[in-house]
1. Filter the stretch 195-240 for residues that are open to solvent by less than 20 Å² (accessible area, probe 1.4 Å) and assigned to a strand (DSSP E or B) and give the result.
2. Determine which member of the set Val33, Val46 is open to solvent by less than 30 Å² (accessible area, probe 1.4 Å), part of a helix (DSSP H, G or I), closer than 14 Å to Ile263 by Cα and touching a strand residue (DSSP E or B) at 6+ places or on another chain (Cβ under 8 Å).
3. Can you tell me which of Glu76, Glu54 is outside any loop (DSSP other than H, G, I, E, B), free of Cβ contacts under 8 Å to residues at least 12 places away in the same chain and under 30 Å from Leu20 (Cβ atoms)?
4. Residue by residue through the stretch 242-255, note down the ones that are more than 10 Å from the ligand (Cβ to nearest atom) and open to solvent by less than 30 Å² (accessible area, probe 1.4 Å).
5. List the number of the failed condition for Ala180; all other conditions in (1) open to solvent by 50 Å² or more (accessible area, probe 1.4 Å); (2) at pLDDT 95 or above hold.
6. Is it true that Leu273 is near the ligand (Cβ under 8 Å from one of its atoms) and either over 16 Å from Leu5 (Cα atoms) or among the hydrophobic types (A, V, I, L, M, F, W, C) (or both)?
7. Just one of the numbered conditions (1) out of contact with any helix residue (DSSP H, G or I) (no Cβ under 8 Å at 6 or more places or on another chain); (2) within 19 Å of Ile90 (Cα to Cα); (3) not polar (S, T, N, Q) is not true of Leu20; which one?
8. Exactly one of these conditions fails for Asn165: (1) touching a Lys or Arg at 6+ places or on another chain (Cβ under 8 Å); (2) touching a residue at least 24 places away in the same chain (Cβ under 8 Å); (3) open to solvent by 70 Å² or more (accessible area, probe 1.4 Å). Give me its number.
Amino acid sequence: MSVILDGKKLREKLLTELKLKVDSFNKKPTLVVILVGEDPASKIYVNNKKKTAEKLGINSQIINYPYDVTEKELLEKIEELNNNSNVTAILVQLPLPKHISKENIINAISPKKDVDGFTPYNFGKLFSGEEPIVYPCTPKGILLLLKEYNIDIEGKHVVIVGRSNIVGHPLAQMLLNKNATVTVCHSYTKNLADITKTADVVISAVGKNIIEGEMLKSGCVVVDVGIFKDASGKTRGDVDFESASKIASYISPVPGGVGPMTITSLMLNTVELFEKNLV
Ligand code: NAP
């Protein structure tokens with residue numbers, strides 16, 4: 001059986017350390033989250049972020065706009081937040097309604113307050129092999145989880161399934177910057193199993209149950225980023241845990257693996273932006 005990559009346990013450890021740091025600040029960081037519409041999943045994510053921030057002593061504010069808010073209104077609010085020296089970090093909860101350009105909104109956030117690391121400035125830094133102001137949260141959380149379990153990725157073949165700008169794409173670059181050999185697979189990839197079978201580390205971020213134990217090399221490391229509800233309403237990951245955990249040396253569960261690490265990274269990034277004090 002595999003060793004579990006326990007994101008909950010690591011979250012407790014890292015957030016306990018982070019709280020001590022925040023306690024030592026005279027002035028506290030402020031995280032502002034913009035939420036558009038009433039999507040239940042987005043509401044849960046945003047409320048969890050607020051609750052976690054408050055437990056740490058980080059000020060947090062949710063600005064909830066109705067679904068029909070205009071792009072102009074959002075851009076004006078972002079401009080106001082960019083110019084407010086009391087605001088440390090700005091996060092726009094995705095997805096946005098179709099009438100709003102996600103790119104325009106993200107591009108409007110000051111890179112100095114870009115807690116997700118998604119702005120072209122921070123992406124550009126990352127992809128040119130330089131340090132962004134902060135790293136995107138989910139990839140950063142995955143690397144923290146691997147580090148906690150002393151999983152060295154230098155020279156290893158890492159296969160990432162999924163190439164979104166939130167997970168797969170920046171993660172591939174972060175792993176390359178750490179000297180892994182990286183293969184990125186997506187919906188056009190042929191013979192996925194032939195590729196995953198050659199991997200020392202498989203990281204899946206798709207949102208469908210696509211990785212089975214028989215697609216893995218014995219002793220590999222498996223990181224499951226996917227989260228979705230199956231037909232019975234149960235929360236699932238991309239990986240069939242039962243078969244994969246018989247083959248892998250380490251595996252992250254869903255829930256309790258990457259999810260807790262993403263929120264941990266968000267809190268770490270908020271504090272990092274505060275400490276860098278670029279406002
Ligand atoms: P996304 O934007 O929908 O991207 C999904 C990716 O999967 C795309 O690159 C797509 O390829 C690829 N794909 C789809 N079907 C495939 C197939 N049959 N074989 C190989 N690749 C396939 O999703 P996302 O935002 O990256 O999120 C992915 C999953 O991770 C979701 O379940 C999401 O909820 C979860 N997630 C979890 C966390 C966390 O903290 N745990 C954070 C973020 C996301 P194309 O590019 O060719 O379309």
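1. Within the stretch 195-240, Val201, Val202, Ile203, Ser204, Ile211, Val221, Val222, Val223, Asp224, Val239 meet the criteria.
2. Details: Val33 fails: part of a helix (DSSP H, G or I).
Only one candidate passes the filter, namely Val46.
3. Details: Glu76 fails: under 30 Å from Leu20 (Cβ atoms).
Of Glu76, Glu54, the one residue that is outside any loop (DSSP other than H, G, I, E, B), free of Cβ contacts under 8 Å to residues at least 12 places away in the same chain and under 30 Å from Leu20 (Cβ atoms) is Glu54.
4. Just the residues of the stretch 242-255 that are more than 10 Å from the ligand (Cβ to nearest atom), to begin with: 242-251, 253.
Answer for the stretch 242-255, where residues must be more than 10 Å from the ligand (Cβ to nearest atom) and open to solvent by less than 30 Å² (accessible area, probe 1.4 Å): Ala244, Ser245, Ala248, Ile251, Pro253.
5. It fails just one condition, (1).
6. Working: near the ligand (Cβ under 8 Å from one of its atoms): no; either over 16 Å from Leu5 (Cα atoms) or among the hydrophobic types (A, V, I, L, M, F, W, C) (or both): yes.
When the stated conditions are applied, Leu273 does not pass them.
7. Evaluating Leu20 over (1) out of contact with any helix residue (DSSP H, G or I) (no Cβ under 8 Å at 6 or more places or on another chain); (2) within 19 Å of Ile90 (Cα to Cα); (3) not polar (S, T, N, Q) leaves (2) as the failure.
8. Looking at each condition in turn, Asn165 falls short on (1).
The values are calculated or read from the model by the stated rules, or taken from the named source; none is laboratory data. Every value quoted in this text rests on a predicted model; they were computed, and no experiment measured them. As a convention, Cβ positions derive from the backbone with ideal geometry for all residues, glycine included, and neighbour counts pool all protein chains shown. For the accessible areas, the whole protein counts, side chains as well, though only heavy atoms, and no ligand, DNA or RNA atoms are used. Shrake-Rupley method; radii C 1.70, N 1.55, O 1.52, S 1.80 Å.
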